[in-house]
Amino acid sequence: MKKLVVFFLSLFILINCGKSSEKNSSETSVDQETQNWARPGSQGQMSGAYFVYENTLDVSDTLISVDSPQAMMTQIHESYTTEDGLAGMREKKEIIVHSDESLILKQGGLHVMLMNLKEDLSENDSVEVTLEFTEAGTVKFKLPVKSNK
Amino acid sequence: MKLFFPASFLILCTVLISCTNSPKIIDDLSDKSFEVLNQNGESVTFPDDYEGKYVVAGFIYTNCPDICPLVTQNLIKVQKEFNNPDDIQFLGITFDPKRDTPEVLKNYKGLFNLDDNFDFLTADSTTISELMDSVRVRSDVSFTQVRDDDKEVYFMNHSDKIMVLDKKGRVIFEYGGSMTPVNYIVEDIQSVRR
């Protein structure tokens, strides 16, 4: 009987050892970065920018466009996981922000896509981003470029 | 018979110790050889040239402004946790060789202020395709856009992955590249590092 116990105990340990290099992805989480900042980038390449905007109006508002003088083309994009498990990105043309709620652009989620940069963006530079809302009108952000995020 | 249980206990201990130090081999790349270029345009044979070192590699493309920098930042954080170790090589391997030339990768590396123990690798499209297949990294062009200067730019859906190779070129750990807490990776490497 004791031999059987030892045998099954050994078997149990061996089976569990085989699982030692696997990680449960559900335990992981993207760093919840919500500060205002932009990534460094080289001229002609891409960069991303992040910020938090609070809708303090009494009505819902809609973000309809974004622009930056430092990029040839600027859009709002969203990172997401595709049905077959790949990391993907897609453009968001309009985003509704309800009253007293915040629009949060953060790593791994919504972000400003700065395409074809007109100049290098380095640490301590800043990026100007202009947002157009249907209700609030023009909103400007000046975002510091940070490399160690 | 008196010796049976002490002997069983010793066997159990041996099994436990060997389990701790011998992770499951996920992919064996030791019999594969890929001729690639680093960010300086220097020839590198992957994974052969890194034999004798642990390799922590992430898969990226430089036109990705959100997820891929998170992968790179995770690699950097692991490197810092180990205080820039000599026995661990860090790699960013592109799956977009058409645009990610050595020059582009050099500029990309410059954005992160990285040292010599951190390389970015590219190659011709065929080699990159074979390399990605061997480590089960997928990528597809997801959509294209025409920029204001009439040039077309494409974006990619891709695997989000960091992997760790042992000193013999065998993949022993894999993670979600942008999502995994850095301490998971550090602890796994510490458990096998000798």
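The values are calculated or read from the model by the stated rules, or taken from the named source; none is laboratory data. Given the structure is predicted, the values throughout are model-derived calculations rather than measurements. Positions of Cβ are generated from backbone atoms using ideal geometry, with glycine treated the same way; all protein chains shown enter the neighbour counts. The area values use the complete protein model at the heavy-atom level, side chains included, leaving out ligands, DNA and RNA. Shrake-Rupley method; radii C 1.70, N 1.55, O 1.52, S 1.80 Å.
So which residues of segment B:164-185 lose at least 30 Å² of accessible area, probe 1.4 Å, when you go from the chain by itself to every protein chain present? Hits at the 30 Å² cut-off: B:Met179, B:Tyr184. Within segment A:90-120, whose backbone N sits under 15 Å from a point 7 Å along Cα→Cβ of A:Ile64? Counting only backbone N, you get A:93-97. Taking segment A:32-62 and a reference point 7 angstrom along Cα→Cβ of A:Glu94, the backbone N atoms nearer than 18 Å belong to A:59-62. The fraction of accessible area contributed by carbon and sulfur in segment A:57-149 is 43 percent, rounded to a whole number (1.4 Å probe; ligands and nucleic acids excluded).
Applying 0.36 nm per residue to the separation of B:Lys32 and B:Ser125 and subtracting their alpha-carbon distance, the gain on full extension is 31.8 nm.
How big is the A/B interface in buried accessible area, both sides summed, 1.4 Å probe, to the nearest 100 Å²?
Looking at A and B, the buried total is near 4100 Å².
The order of the peptides A:110-116, B:103-109 by mean Cβ neighbours within 10 Å, most packed first, is A:110-116, B:103-109. Modelled spin-label separation between B:Ser134 and A:Lys142, with each label point placed 7 Å from Cα along the Cα-to-Cβ direction: 5.1 nm. For segment B:25-192, the solvent-accessible area of protein heavy atoms averages 40 Å² per residue (probe radius 1.4 Å; ligands and nucleic acids excluded). Its alpha carbons considered, segment A:37-144 gives a radius of gyration followed by a Dmax of 14.1, 41 Å. Residues considered: B:Thr126, B:Thr144, B:Thr180. Largest GNM mean-square fluctuation over chain B, using C-alpha springs under 10 Å, is found at B:Thr144. With the gyration tensor restricted to C-alpha atoms of segment B:106-194, the semi-axes of the equivalent ellipsoid amount to 30, 17, 15 Å, longest first. Contact with the other protein chains removes 20 Å² or more of accessible area, compared with the isolated chain and a 1.4 Å probe, from these residues of segment B:110-142: B:Leu111, B:Arg138. Of the candidates B:Ile67, B:Ile162, B:Ile25, which one comes out as most mobile in a Gaussian network treatment of chain B with C-alpha springs shorter than 10 Å? Comparing B:Ile67, B:Ile162, B:Ile25 in a Gaussian network model of chain B, the most mobile one is B:Ile25. With the charge dipole of chain B set up from +1 on Lys and Arg Cβ and -1 on Asp and Glu Cβ about the Cα centre, the Cα lying farthest toward the positive end among the listed residues B:Pro23, B:Gln79, B:Gln89 is that of B:Pro23. Note on segment B:25-192: with neighbouring protein chains present and a 1.4 Å probe, carbon and sulfur make up 42 percent of its accessible heavy-atom surface. Anything losing 40 Å² or more of accessible area from the isolated chain to the full protein assembly: pick those residues out of segment A:61-87, probe 1.4 Å, ligands and DNA/RNA ignored. SASA drop of 40 Å² or more in segment A:61-87: A:Met72, A:Met73, A:Leu86, A:Ala87.
One Cα centroid belongs to segment B:98-156, the other to segment B:20-72; the line between them spans 14 Å. If the segment from A:Leu57 to A:Glu128 were pulled out straight at 0.36 nm per residue, it would be longer than the present Cα-Cα gap by 23.2 nm.
Averaging 1/r across all pairs of distinct Cα atoms in chain B and inverting the result yields a Kirkwood radius of 18.0 Å.
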